[in-house]
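All remarks here apply to the structure that follows.
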Amino acid sequence: LLTFFPGRPWLVLLVEPLHGITFALFYTAGVVGAKARMPSDRQTLAQGLFSAAFNGGSGVGAALGGLAVRKIGYRNTFLVFTAVFIFATVAAFIKLVDDRPQDDSRWQRPRDEFEEEG
């Protein structure tokens with residue numbers, strides 16, 4: 001968001017150290033999450049798929065960014081991408097926090113057919 005303010009390149013120096021830390025945390029979380037969701041004999045595949053999705057997403061983002069810069073300029077491109085990322089972050093946070101099943105019945109023990117109702 002600080003790159004939105006032109007004429008103040010020193011503001012970028014405030015953000016760059018945080019970028020290194022947050023990128024490391026993001027990538028580590030992605031690899032650990034991919035590993036946790038796959039059986040032990042498929043963990044290499046999971047990490048490969050995560051890496052492919054990340055690199056493919058970077059390519060798509062670069063292409064869309066180039067088109068956006070041509071249409072609306074650098075400043076507005078940064079503003080639009082910031083809004084999209086804030087929305088995506090909030091949506092992901094809501095999804096991760098509210099990861100409970102909608103139907104609580106699947107967490108209940110199935111009734112035995114010989115068990116008395118009561």
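Within the range 6-14, not a single residue is open to solvent by less than 100 Å² (accessible area, probe 1.4 Å), free of Cβ contacts under 8 Å to residues at least 12 places away in the same chain, farther than 27 Å from Ala83 by Cβ and of a type outside the set (D, E, K, R). Among residues of the range 64-100 being more than 18 Å from Val15 (Cβ to Cβ) and open to solvent by less than 60 Å² (accessible area, probe 1.4 Å), the one that is modelled with the lowest pLDDT is Ala92. Cβ-Cβ contacts under 8 Å between residues 6 or more apart (or on different chains), taken from a first residue in the range 29-40 that is closer than 22 Å to Phe93 by Cβ to a second residue that is among the small types (Gly, Ala, Ser) and surrounded by 11 or more Cβ atoms within 10 Å (Cβ to Cβ), are listed as Ala34/Ala46; Lys35/Ala46; Arg37/Ala46.
The values are calculated or read from the model by the stated rules, or taken from the named source; none is laboratory data. Values in this document were obtained by computation on a predicted structure and should not be read as measured data. Note that we place each Cβ from the backbone using ideal geometry, even for glycine, and neighbour counts take in every protein chain shown. Heavy atoms of the whole protein, side chains included, go into the accessibility calculation; ligands, DNA and RNA do not. Shrake-Rupley method; radii C 1.70, N 1.55, O 1.52, S 1.80 Å.
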